[in-house]
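Structure record follows, encoded as structure tokens.
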Amino acid sequence: MQLTKEQRIFIVLKYETTKNCEQVRRAFNETFPERNSPEKKTVYRTVRKFNEHGNINNRYKGNSGRKTIQRTENNIAIVQRAIAENPTTSVRCNETNLSKSTFHRILKKDICLHPYKMQIKHELLPCDYARRKEFCNWFISKDQRFTERGTSGIDIDLRRVDIDQCPLPPGSSALNIFAASDKCKKRTTQCVSLPGLGFRRGSYKCECRDGFYFPDTATREKYFNGSIIEEEYEKKLSNQESMYDIPDLFECLSCAPGCDTCSDSRPCVVTLNWLMRTAVLVLALALIACLPAIAFLTWKYGNVKVSLLLPSLPGNTAMLR
């Protein structure tokens, strides 16, 4: 730390009086107790500078250190303009053709800005506190030993943990406290989990069940977004205006009669009438069952001649054999 002008003047005057470096250092400690006493070479250098140049000013102030080459007024203006146009500009991937260190140095020393990195955090909603308390009570109730052993802490990167709110498959015994917490309308839609979205609610989509079709037949994404449904359901719990309970909203429409699956309201190409099909099948089987009897009768009475007498007409008598 450099000596102040007042401290340099004191050293010169005291040395001219005592001509002893140790006495100057002791007097310096008494006069400036907040500052450590200067070394001997500092005392001699200060006195020599005064004798040679007639002043005790720092001759190298503003001329010491490495010269500033990149932090010019032009480069500072370029960085200011880049930050003004895009505040999210990356220090590493800036478009100013300046190096990372120069860009960072100008931001910190000349513009007085500091770079930061966005971090994704789990948003806690009013209804989440009750769920967290419920989970803690459930966790403790599983084994009473937890109440005697104190508490434990686990650090988890929530950006890598997914929440699966869809119901568990039939027969599954997996532990998932979020299972079946989706807000899909079960009559016409079913929940499908969307992995990779992190630790947040609404990481699912509501697809139409068999026998139903998506109302907007022109869209490519034929499902309801779970995040939107969760948001509307939260408004409902908060007694705000919500679209969750509007009839037929977030619901799929029924297919035409006889269609197991469909994409719109048009009737199916083939409609199965099981009553008619069954009657035709029974009649066909009955005819097939009669074929052996018909074949036997034909073989047995194939040589029998049948005489057919025609009524006699005036002037004509005929007999057909």
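Mind counting the residues in the range 23-34 that are under 11 Å from PHE10 (Cβ atoms) and either open to solvent by 100 Å² or more (accessible area, probe 1.4 Å) or of a type in the set (Lys, Arg) (or both)? Before you say what the answer is, go through the steps one by one.
To start, the set of residues in the range 23-34 that are under 11 Å from PHE10 (Cβ atoms) comprises 24, 27-28, 30-32.
Remaining after also requiring either open to solvent by 100 Å² or more (accessible area, probe 1.4 Å) or of a type in the set (Lys, Arg) (or both): 30.
Selection size over the range 23-34: 1.
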Residues of the range 184-214 being open to solvent by less than 60 Å² (accessible area, probe 1.4 Å), of a type outside the set (Ser, Thr, Tyr) and part of a loop (DSSP other than H, G, I, E, B), in sequence order, are CYS184, LYS185, LEU194, GLY198, PHE199, ARG201, GLY202, GLY211, PHE214
Do the conditions hold for SER181, that is, is it in a helix (DSSP H, G or I) and surrounded by 13 or more Cβ atoms within 10 Å (Cβ to Cβ)?
-> no
Within the range 188-220, which residues are closer than 22 Å to CYS259 by Cα and out of contact with any Phe, Trp or Tyr (no Cβ under 9 Å at 6 or more places or on another chain)?
-> GLN190, ARG209, ASP210, GLY211, PHE212, TYR213, PRO215, ASP216, THR217, ALA218, THR219, ARG220
Scan the range 148-178 for residues that are hydrophobic (A, V, I, L, M, F, W, C), at pLDDT below 90 and in a loop (DSSP other than H, G, I, E, B) and jot them down.
-> ILE154, ILE156, VAL161, ILE163, ALA174, LEU175, ILE177, PHE178
What are the pairs, 6+ residues apart or on separate chains, where a residue within the range 164-177 that is within 12 Å of GLN190 (Cα to Cα) has its Cβ under 6 Å from a residue that is among the aromatic types (Phe, Trp, Tyr)?
-> GLN165/PHE178; GLN165/TYR204; CYS166/TYR204
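Residue-wise test of (1) at pLDDT 85 or above; (2) open to solvent by 90 Å² or more (accessible area, probe 1.4 Å); (3) not hydroxyl-bearing (Ser, Thr, Tyr).
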residue: TRP274; (1), (2), (3): no, yes, yes
residue: ALA293; (1), (2), (3): yes, no, yes
residue: GLY302; (1), (2), (3): no, no, yes
residue: PRO311; (1), (2), (3): no, yes, yes
How many of the residues making up the range 122-140 are surrounded by 10 or more Cβ atoms within 10 Å (Cβ to Cβ) and either under 28 Å from ARG92 (Cβ atoms) or in contact (Cβ under 8 Å) with a residue 12 or more places away in the chain (or both)?
-> 5
In the range 235-269, which residues are open to solvent by 40 Å² or more (accessible area, probe 1.4 Å), among the acidic types (Asp, Glu) and either free of Cβ contacts under 8 Å to residues at least 40 places away in the same chain or in contact with a Lys or Arg (Cβ under 7 Å, 6 or more places away or on another chain) (or both)?
-> GLU241, ASP245, ASP248
In the range 220-234, residue nearest to CYS206 (Cα to Cα) [restricted to those that are open to solvent by less than 60 Å² (accessible area, probe 1.4 Å) and of a type outside the set (A, V, I, L, M, F, W, C)] = GLY226
List pairs: first in the range 77-99 and more than 16 Å from CYS112 (Cβ to Cβ), second outside any loop (DSSP other than H, G, I, E, B) and open to solvent by 90 Å² or more (accessible area, probe 1.4 Å), Cβ under 6 Å, 6+ apart or cross-chain?
-> ARG92/LYS100
Within the set of pairs 6 or more residues apart or between chains, which connect a residue that is without any contact (Cβ under 8 Å) to a residue 60 or more places away in the chain inside the range 199-219 to a residue that is part of a loop (DSSP other than H, G, I, E, B) and among the aromatic types (Phe, Trp, Tyr) with Cβ atoms less than 8 Å apart?
-> LYS205/TYR223; CYS206/TYR223; CYS206/PHE250; GLU207/TYR223; CYS208/PHE214; CYS208/TYR223; PHE214/TYR223
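Quick grid of which residues meet (1) at pLDDT 85 or above; (2) open to solvent by 100 Å² or more (accessible area, probe 1.4 Å); (3) not basic (Lys, Arg):
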position: ILE9; (1), (2), (3): yes, no, yes
position: CYS21; (1), (2), (3): yes, no, yes
position: SER37; (1), (2), (3): no, no, yes
position: THR42; (1), (2), (3): yes, no, yes
position: ARG48; (1), (2), (3): yes, yes, no
position: TYR60; (1), (2), (3): no, yes, yes
position: LYS67; (1), (2), (3): no, yes, no
position: THR72; (1), (2), (3): no, no, yes
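The values are calculated or read from the model by the stated rules, or taken from the named source; none is laboratory data. Model, not experiment: these values are computed from the prediction. Here Cβ is always computed from backbone atoms with ideal geometry, including for glycine, and neighbour counts include all displayed protein chains. To get the accessible areas, we keep the full protein, side chains included, count just its heavy atoms, and leave off ligands, DNA and RNA. Shrake-Rupley method; radii C 1.70, N 1.55, O 1.52, S 1.80 Å.
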